[in-house]
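First up is the structure itself, then whatever we jot down about it.
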Amino acid sequence: MGRPSVGQSPGFGQSPGVASAAAPSLDRIRVFFCPRPEGSLFLENGRERTVSDLAAGTVTSSFGTVNLRERRLTSLEGFPYFEDMHTLFLQDNLLSNFDHLGVQPGCTSITLDRNRICDFTGAERLPKLRSLSLEQNPIEEWDLFVVMCCLAVNPQLLKVNGRVVTKQQRQLVLLLDRPVTRIALRQGWILSTDPHKDSA
């Protein structure tokens, strides 16, 4: 799928005090905007299926776990705020982004495998999140996928797709963790060092 490049975003240059050895990696980072597929591809029977559409009593926390697998959700609109939720299962739906998830203060693990997540639109920082799984989603095709996960939801993520975040990935997160980066990701932009991604 083609992805138009918009070149390097302002603010992604080398930070003051950063060792020059890190500069080549930063210099190669570009931001891309991914046009989403036609919305109808994500709809069920021509309309969105949101959390609000689920039967009363479906969205509850049981011993700190919320399970919304295989609900054919296209949107998290209506997802409630949970103080006690630590684990969220959302795999095997039709979600394309993080809109309406909101800030879930106690959440430590989210599984979004086999959805249609193509960017981090709407992602909020989740202060206790330590594990995020996005296996078999379009977003994981990008070379800086793990770094973007950390920047979008929590720089202290320990695992992405069940694998430990490496020291090198964490160093890059530290260098890129700025307001401009978080805003760009939340608005649907993508980070990559691959100059050919825009024509892939």
- Quick one: in the range 43-80, which of the residues that are hydroxyl-bearing (S, T, Y) and more than 19 Å from the chain's Cα centre (by Cα) is modelled with the lowest pLDDT? T58
- Can you name the condition, by its number, that Q156 falls short on among (1) assigned to a strand (DSSP E or B); (2) open to solvent by 80 Å² or more (accessible area, probe 1.4 Å)? (1)
- Kindly provide the set of residues from the range 128-156 that are among the small types (G, A, S) and within 21 Å of L26 (Cβ to Cβ), ordered by number. A152
- With (1) without any contact (Cβ under 8 Å) to a residue 24 or more places away in the chain; (2) in a loop (DSSP other than H, G, I, E, B); (3) open to solvent by 10 Å² or more (accessible area, probe 1.4 Å) as the list, and Q168 as the residue in question, which single condition is left unmet? (2)
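Mind listing just one residue for me: the one in the range 52-96 that is assigned to a loop (DSSP other than H, G, I, E, B) and among the β-branched types (V, I, T) and, of those, least open to solvent (accessible area, probe 1.4 Å)? Show your work before the answer.
Here is the first cut: in the range 52-96, the ones assigned to a loop (DSSP other than H, G, I, E, B) are 54-61, 63-64, 68-74, 76-86, 90-96.
Narrowing the set further to residues that are among the β-branched types (V, I, T) leaves 58-60, 74.
Numbers: T58: 34, V59: 33, T60: 72, T74: 13 Å².
Among them, the one singled out is T74.
The values are calculated or read from the model by the stated rules, or taken from the named source; none is laboratory data. These numbers were taken from a predicted model, which means no experiment stands behind them. Note that we place each Cβ from the backbone using ideal geometry, even for glycine, and neighbour counts take in every protein chain shown. Accessible surface is based on the protein model in full, side chains and every heavy atom, while ligands, DNA and RNA are left aside. Shrake-Rupley method; radii C 1.70, N 1.55, O 1.52, S 1.80 Å.
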